[in-house]
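A.B. asks: Just dropping this structure here.
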Amino acid sequence: GATPASAAAGVGSMPMGAGVLVTKEIDPYPRDSDLLSLSELGITFEQLNTYEFNVLHVERKKQLGVASWLIGQNARVFDLIVPQQAVATFLETLCDNYKAELPFHTWHHAVDVQHTIWRYMVLSKAHHFLSGLDQFALLVSSVSHDVGHAGLNNPFLIEVGHDLAMRYNDRSPLENMHCATMFEIISSTPGANIFEALRRPDFFECRRMCIEAILHTDMVHHFEMVKETHMLYQMHKDGDKDAGHIFQEKETKQQIMNLFLHSADVANPCKPWMMCYEWAMRCLEEFFNQGDQEKKLGIPVQMLNDRTKVNKPFSQIGFIEFMIMPLEAATVKLFPALYETAEHLSNNIQEWNRMWVEEVGHSDEQRDKVQSRVNKVCESLREACDTGLLYVGLEVANEVEDSSEHQSQGHGVPTRSSRRSSTPRWSASEGQNR
């Protein structure tokens, strides 16, 4: 079939300046027609516009509808031409290429990550620094980022000399495969070319952004991403330059896109507790399944993969402490409007600690040591929320007015000052009387 590039070159056209940032007269919230189409799925906007939206409890048809709605609604915000039938065909084919038998890396995870990305962009007012094309690329990347995943990670594929490791020279074999599979679906599946209305330059820019973002979901980039995000904050925390303008610089903008996708990909510990717990159990089961294969093959069993040795609550405390908290703290410093995820993370590490403490056999010294670690995580998250960048170029009066208007419609997030009236559970001592 035709390649996406050739298909994009001659079919329709994107409105002039599709890849150009527009910072005025953009409202990221849905129009009445969008609200109506969402209600036809049996979902209200108030249910969707929260981290409590749980895709695990939504049937496949509705998941497809939500994924399509998120892409279409966002495109209409920027007056982008995105053929809805092509979106539907693409998503159905994409869904079929996720392996339903896996515990974690399934279509459920793909839609969950896409929904989380959408929430990040709305709450952070991303239309001030990401163009319609940028956001379109992110939403497509997010729902495609794990397509074809077999439940085995890159180190395993490299260790056993898997075909994917051979094909991609041991460099992010999974992520390269996910990108290739996404574009293969677009180019070879009749009616699935969601890029068909793009001008040729916009298609190649969109392709570049998709590839870059998906490749950066490889965990080998995690600590470098944390470092880059922290450096970006340090460079501008005392400056007079509006963060919205800072993020418009091309290299920085791609860093933010990579950050949003990677953060959403590992955001399960940053969701409400019951969702966090359910996703963690699924993730650990997939790890254990890989560990069973590693034992069978006689190769080293990776950390967290031995079902006979891993303590589930304790493993999650360590995962949050060493991996998720540094990323989350750095992200919230750049985007204070995402503070809810930090609050969830603080609550969740305390819940994991509670589960671990309730187990028999831990000494008082062990419990005190772990409690101290948990308290440090909570304190780091609280500090991050208190020291975030201010978007100085956005009128304060407009911010308050927008927040009040959208909150009255069930759409908004409290302003930085008003959110202090809430009482997040930042430490174990604060939560003992709940």
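A.B. asks: Pick out the one residue from V357, V332, V370 that is crowded, with 22+ Cβ neighbours inside 10 Å, more than 17 Å from E278 (Cα to Cα) and either touching a Leu at 6+ places or on another chain (Cβ under 6 Å) or free of Cβ contacts under 8 Å to residues at least 60 places away in the same chain (or both).
C.D. replies: On the way: V357 fails: crowded, with 22+ Cβ neighbours inside 10 Å; V370 fails: crowded, with 22+ Cβ neighbours inside 10 Å.
Within the list V357, V332, V370, the selection yields V332.
A.B. asks: Go through (1) under 22 Å from T106 (Cα atoms); (2) part of a helix (DSSP H, G or I) and name the single condition P201 misses.
C.D. replies: Of the numbered conditions (1) under 22 Å from T106 (Cα atoms); (2) part of a helix (DSSP H, G or I), the odd one out for P201 is (1).
A.B. asks: What's the number of the only condition in (1) closer than 23 Å to F288 by Cβ; (2) open to solvent by less than 10 Å² (accessible area, probe 1.4 Å) that L327 fails to meet?
C.D. replies: Condition (1) is where L327 drops out.
A.B. asks: Shifting gears a bit: Identify all residues within region 146-180 that are free of Cβ contacts under 8 Å to residues at least 40 places away in the same chain, polar (S, T, N, Q) and within 22 Å of D265 (Cα to Cα); write none if there are none. Can you show your working first?
C.D. replies: First, the residues of region 146-180 that are free of Cβ contacts under 8 Å to residues at least 40 places away in the same chain: 157-158, 161-171, 173, 176-180.
Among the residues that remain, those that are also polar (S, T, N, Q) are: 169, 176.
Within region 146-180, just N176 meets the criteria.
Okay, residues lined up against (1) assigned to a helix (DSSP H, G or I); (2) touching a Leu at 6+ places or on another chain (Cβ under 6 Å); (3) touching a residue at least 40 places away in the same chain (Cβ under 8 Å); (4) under 17 Å from K271 (Cβ atoms):
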position	(1), (2), (3), (4)
N289	yes, no, yes, no
N305	no, no, no, no
S315	yes, yes, no, no
G318	yes, no, no, no
M325	yes, no, yes, yes
N347	yes, no, yes, yes
Q366	yes, no, no, no
E379	yes, no, yes, no
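A.B. asks: Here is a follow-up. Looking at (1) touching a residue at least 12 places away in the same chain (Cβ under 8 Å); (2) not in a helix (DSSP H, G or I), which is the only condition Q73 fails?
C.D. replies: (2)
A.B. asks: Cβ-Cβ distance below 7 Å, separation of 6 or more or different chains: which pairs start in region 38-63 with a residue that is closer than 14 Å to V113 by Cα and end on one that is surrounded by 14 or more Cβ atoms within 10 Å (Cβ to Cβ) and among the acidic types (D, E)?
C.D. replies: Y51/E340; V55/D112; L56/E278
A.B. asks: Of all the residues that make up region 33-70, how many are in a helix (DSSP H, G or I) and either over 23 Å from A337 (Cα atoms) or open to solvent by less than 60 Å² (accessible area, probe 1.4 Å) (or both)? It would help to see each step written out before you state the result.
C.D. replies: First pass over region 33-70, keeping only residues in a helix (DSSP H, G or I): 33-39, 45-48, 55-57, 60-70.
If we keep only those that are either over 23 Å from A337 (Cα atoms) or open to solvent by less than 60 Å² (accessible area, probe 1.4 Å) (or both) too, we end up with 33-39, 45, 48, 55-57, 60-70.
The qualifying residues number 23.
A.B. asks: Of the conditions (1) among the polar types (S, T, N, Q); (2) in contact with a Phe, Trp or Tyr (Cβ under 6 Å, 6 or more places away or on another chain); (3) more than 16 Å from H178 (Cβ to Cβ); (4) modelled with pLDDT of 95 or more, T116 fails just one. Which one is it?
C.D. replies: (2)
A.B. asks: Shifting gears a bit: Quick one: would you say T252 is without any contact (Cβ under 8 Å) to a residue 24 or more places away in the chain, open to solvent by less than 20 Å² (accessible area, probe 1.4 Å) and either assigned to a helix (DSSP H, G or I) or closer than 14 Å to L138 by Cα (or both)?
C.D. replies: Working: without any contact (Cβ under 8 Å) to a residue 24 or more places away in the chain: yes; open to solvent by less than 20 Å² (accessible area, probe 1.4 Å): yes; either assigned to a helix (DSSP H, G or I) or closer than 14 Å to L138 by Cα (or both): yes.
Yes; evaluated as a whole, the condition is true for this residue.
A.B. asks: Here is a further query. Going through H108, H127 one at a time, which residue ends up being assigned to a helix (DSSP H, G or I), closer than 23 Å to E205 by Cβ and open to solvent by 10 Å² or more (accessible area, probe 1.4 Å)?
C.D. replies: Working: H108 fails: closer than 23 Å to E205 by Cβ.
Among H108, H127, only H127 is assigned to a helix (DSSP H, G or I), closer than 23 Å to E205 by Cβ and open to solvent by 10 Å² or more (accessible area, probe 1.4 Å).
The values are calculated or read from the model by the stated rules, or taken from the named source; none is laboratory data. Note that this is a predicted model, so its numbers are computed, not measured. We place every Cβ from the backbone using ideal geometry, glycine too, and count neighbours over all the protein chains shown. Note: areas computed on protein heavy atoms with side chains; ligands, DNA, RNA excluded. Shrake-Rupley method; radii C 1.70, N 1.55, O 1.52, S 1.80 Å.
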